[in-house]
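Everything on this sheet refers to the single structure shown next.
The values are calculated or read from the model by the stated rules, or taken from the named source; none is laboratory data. The structure displayed is predicted, hence computed values, not measured ones. Here Cβ is always computed from backbone atoms with ideal geometry, including for glycine, and neighbour counts include all displayed protein chains.
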Amino acid sequence: MHKSTAMKSKKININRPTISSDEINSFKNFNSIINQVKSTKPIYKKTWFLSTLGVTIIAASILMIVILNQTHCVTVNNKTKTQAIKFINPPIPQANIPYLSIKIRNNIDTVIQLQSGTTIKIPSGSIQSQTRKAITETIELRIREFNEPASVFLSGIPMQYDSASRKYTFETAGMIDIAAYKNNERLCINPQTPITLNIVSQNNSPEFNAYYLDTTKKHWQYKGKPSINKNGNTTTTNNQRNEKVKQQYNNVVPLIAPVLPQKANPLKWNIKVDVLQNEFPEFVSYKDVLFEVDKPLGKDDNVFGKTEWENIIIEKTNTTGLYSLLFSKGTQQIKYFVRPVFEGKAYTIAKAKYDTAFAKYKIALKTRLENEAKIKQTYESEIAEQENLYNNTVNRNIIQDKIIRTFKIQNFGIWNCDRVFSYSSERKKINANFEINGVQTNNSVYFVDKKINAVITMYPNSVLYHNPNSKEILWAITDDFKIAIFNSEQFKSIPNELDKYTFNLKELTVKIDRPEDFINLYNNGFK
Amino acid sequence: MLINHKSKEQIESEAELISAAQKDLRKFEPIYNIYFERVFRFVYQRLDSKEEASDISSQVFLKAMENIKKYNNYGIPFSAWLFRIAINEMSNYFTKQTKERTINIDTIQIEGILLESGIEFENEKIELLINSLKQLTEGDLLLIELRFFENNSFKEIGEILDITENNAKVKTYRILDRIKQMIVKHA
C-alpha cells in the first residue's frame, strides 16, 4: 500500500457518519486473537522461567515492602500519569454554563422553545436507549444554548478546528449542547425519527453550516447546510396538536352510514350499473340499485343507449345522495348526474336491509364517539402534563425579526451553526505580546471583536488583527480565576504605525462565581 | 490523530506494558485495549465495511503479537510500528481482494487541503479536488491521508513511513502542488 503504484479504483465518501467508540469496541475480541497466535511452549514450562522464579519471588517481595512503605509517592505518580487537559475545558469551572433540565414524555410529539426563541422539535418515540430499545416513560433532556461569545467562552467548547496543524476559528450563529437521560443513563436518537433544531440568530449570512462536535476524534464534523427562514413561526404547537388528534382519530376504522334507499321516479329514466362494492360500501347490502338521471331524456341520449362504453367512472358529488356517472369510449365522453334508486320489490328489500344496517350503525356510532372522547381526553391530558413539565423552566417567547436555521440531528451532543472566521484585509496586523499587571504572561488571552460572533484564543507572539473602527476587547483568566482585561478604550489608544505591541491587561477585583457574573461584565464592556 | 503526544510517564508506562507482553503474550491485552480503536479507525477510514475493518484490525494485532519480541522501543514509537503493520495489512488486503479502496473525507478536510494548496474554497473546487485525489498513487494518497485526514505531524508521518521528517514534508508539499495544478487546469 505504501508503494507508489496507481490503484485500480477508488470510491469517495464525503461526510460519512462517524462510527461511535461503543460500536468499535463491540468488535474487540482479544481472546480470539491470542488463540490464533502460534502456540508456543507454556511459559511456566520454560527452563529460564523456572530458574528465575525463585529470584523473582525474592525481588517481588522486596518490591512489595518498598511499595507498602511509599504508598503516598505511588499515588502521586499515578495521578500525574493520568492527568490530561480535557477537550472541553471550561476556563472558569464555577462559571460554566449550566444545563437546563426539562422532563418530557417520549410517546408524544414535543416542541421545546428556549429563551432565545430557538426551538427543538422532538417527534414521538425519537429517543431510544443505547441498545436501541424504545422508551415510553418520562425522560430528562439536558440542554445548553450558546448564542454569544461570553457563553461560548465560559463553556470551554473548542471553537477551532485543526487542519494540517493550522488552526481555524469558527464564528457561530448559535450552538446547542443537548443530551437525554433516563435514570442518569445516557440515551440516543432513533435515526428514523431525527430531532429538528431551529436555531435563532441575528446573522442572515448564508455561509453558516451545521457542524457536530465529535468529542472522540476531537474535531468538528460538517453536517450540511441548514435551511434559513426569516421570522419563522415557532409557535406551531396548536396546529401540531390538532394534526396529532386527527391522526389518532384516523386510526379508528371509519364508520360508513348506510344510504336510505329511494323509490325510482316513474317520470325519470335510469341506468343500471354494477357498482364495485369496495369502492362504494354504502351500496354493499343492496341488490338491483339503479341510477336515476337528474334530467329528462334528450336527443343526445339516443347516442348513449347505442354506444358500447369502455369505461364508467362513478363519483360522489358535494350534494348528498347525488353522484356523477362518466361514460367514455376513446375520445367520446358523456356525463350524467344520478341518484341511486330502487324499483318495486327491490325497494322493499333494500328498505328492510337499510333499517337493520342503520340500527347497527347507530350502535357503532355511539361506541365510536365514546372512543374518540377517550382518545381526546388522554391526548389533552398528556399535552397538559407535557406543558407543565417544561413551562416552569422555559420562557416561551415569540420570535420577531430573527433568522432561524433549521437542520435535523441524529446524535445527541454539541451542534453548531458555524462559518470559518476570516479577517478582512482592512485590519491591521499586530504582533502581540501580553502582560497582566505589567508582568509577562503565558496564559491564553481571548480576543473579541463585537462585530464578529467569535472568540479568538491568542498566545504570546500571536498575530492580532486589529480594526480601529471596531469595538474590541481582550481578556485573560489568571491562575486564581480572576479576570484581567484590555478594554475597547485602550484599543483606541494603540498608535496606528505600530506593528508590535504589548497588551498590558489589568486584573479586575470582581469575583466570578456564576456565569451571569461574567456575562454581565462582558455585556457592559468589563466596566 | 494516530499518534498522540505522550508524556515521559506515559512512554515509560507503555514501555513497561510492551516489556511485559514480550515475556508473556497474555499481557498484550492492555496494549490491545489502548490501540484497538485507533487501529480500527485507521483501517475503516480506507474501507466501506465495518466487518472487514474488524477482520483487518484483528490481523494487525495478530501480526503485532507474533512479532512483539522483535519490536525494539529504542527505534520508533510503538504506535508507529503498529501503524506500519496496519499499512502492510491494508496493502495485502487490496492486493488479494478486488474490493474498491475507499477515501472518506469531510468537508472540513476538503477545506483544509484547498487552503493548504493555496486554492480558495468554492463548491465547484470540491469535485475537482475529489477527482485529483482519485488520480493520486497509493503512496501519495497515504501521505495526504496521514497529514490532512488523520492530522499527523511530519515527524509522526516520517516514523510511520520510515522516511525523514523533512522528506515527509517535501513529499507532501510536492503532492499538494500537483493537486493544485490538476485543479487549476480543470477550473
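Is it the case that the range B:59-78 has a residue that's under 25 Å from residue A:219 (Cα atoms) and either of a type in the set (Gly, Ala, Ser) or facing chain A (nearest Cβ under 8 Å) (or both)?
no
Listed here are the residues, each with its yes/no results for (1) under 30 Å from residue A:223 (Cβ atoms); (2) over 35 Å from the mean Cα position of the chain (by Cα); (3) without any contact (Cβ under 8 Å) to a residue 60 or more places away in the chain.
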{"residue": "A:434", "(1), (2), (3)": "no, yes, no"}
{"residue": "A:439", "(1), (2), (3)": "no, yes, yes"}
{"residue": "A:449", "(1), (2), (3)": "yes, no, yes"}
{"residue": "A:456", "(1), (2), (3)": "yes, no, no"}
{"residue": "A:463", "(1), (2), (3)": "no, yes, yes"}
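Is it true that some residue in the range B:153-166 is of a type in the set (Val, Ile, Thr), more than 17 Å from the chain's Cα centre (by Cα) and assigned to a helix (DSSP H, G or I)?
no
Any idea which of B:116, B:150, B:138 is at the interface with another protein chain (Cβ under 10 Å from one of its Cβ atoms), under 18 Å from residue B:86 (Cα atoms) and modelled with pLDDT under 85?
Selected residue: B:150, the only one of B:116, B:150, B:138 that is at the interface with another protein chain (Cβ under 10 Å from one of its Cβ atoms), under 18 Å from residue B:86 (Cα atoms) and modelled with pLDDT under 85.
Which one is surrounded by the fewest Cβ atoms within 10 Å (Cβ to Cβ) among residues in the range A:330-375 that are in contact with a Lys or Arg (Cβ under 8 Å, 6 or more places away or on another chain) and not hydrophobic (A, V, I, L, M, F, W, C)?
Looking at the filtered set, the residue picked out is A:343.
Across the range A:84-143, which residue is nearest to the chain's Cα centre (by Cα) among those that are part of a loop (DSSP other than H, G, I, E, B), loosely packed, with under 13 Cβ neighbours inside 10 Å and of a type in the set (A, V, I, L, M)?
Out of the qualifying residues, it is A:85.
Residue-wise test of (1) touching a Ser or Thr at 6+ places or on another chain (Cβ under 9 Å); (2) within 11 Å of chain A (Cβ to nearest Cβ); (3) loosely packed, with under 15 Cβ neighbours inside 10 Å.
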| site | (1), (2), (3) |
| --- | --- |
| B:81 | no, no, no |
| B:90 | no, yes, no |
| B:109 | yes, yes, no |
| B:127 | no, yes, yes |
| B:154 | yes, yes, no |
| B:187 | no, no, yes |
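Taking the condition modelled with pLDDT under 90 and touching a helix residue (DSSP H, G or I) at 6+ places or on another chain (Cβ under 7 Å), does residue A:512 pass?
yes
Could you grab me the full set of residues in the range A:209-233 that are within 13 Å of chain B (Cβ to nearest Cβ) and touching a Pro at 6+ places or on another chain (Cβ under 7 Å)?
A:210
Which residues, taken from the range A:173-225, are acidic (Asp, Glu) and in a strand (DSSP E or B)?
A:177, A:185, A:214
What are the residues in the range A:165-186 that are within 16 Å of the chain's Cα centre (by Cα), surrounded by 20 or more Cβ atoms within 10 Å (Cβ to Cβ) and not small (Gly, Ala, Ser), if any?
Residues satisfying the conditions are A:175, A:176, A:177, A:178.
For the range A:212-262, which positions are among the small types (Gly, Ala, Ser), within 20 Å of the chain's Cα centre (by Cα) and modelled with pLDDT under 75?
Correct list: A:232 only.
Please verify whether residue B:99 is within 10 Å of another protein chain (Cβ to nearest Cβ) and surrounded by 15 or more Cβ atoms within 10 Å (Cβ to Cβ), treating the condition exactly as stated.
Yes, satisfied.
Report, ordered by the first and then the second residue, all pairs with beta carbons closer than 7 Å, sequence separation of six or more or different chains, a first member in the range A:320-337 that is charged (D, E, K, R), and a second member that is not in a strand (DSSP E or B).
Going by the 7 Å Cβ cut-off, the qualifying pairs are A:329/A:307; A:329/A:309; A:329/A:310.
State all residues of the range A:471-515 that are surrounded by fewer than 16 Cβ atoms within 10 Å (Cβ to Cβ) and of a type in the set (S, T, N, Q); if no residue qualifies, say none.
Result: A:478, A:493, A:496, A:502, A:509.
Filter the range B:28-52 for residues that are in contact with a Phe, Trp or Tyr (Cβ under 8 Å, 6 or more places away or on another chain) and closer than 17 Å to residue B:138 by Cα; which is surrounded by the fewest Cβ atoms within 10 Å (Cβ to Cβ)?
Per the stated criteria, the residue is B:45.
Filter the range B:39-58 for residues that are within 9 Å of chain A (Cβ to nearest Cβ) and of a type in the set (Phe, Trp, Tyr) and give the result.
B:40, B:44, listed by residue number.
So how many residues does the range A:263-290 have that are charged (D, E, K, R), modelled with pLDDT of 80 or more and either buried (at least 16 other Cβ atoms within 10 Å of the Cβ) or outside any loop (DSSP other than H, G, I, E, B) (or both)?
The total comes to 2.
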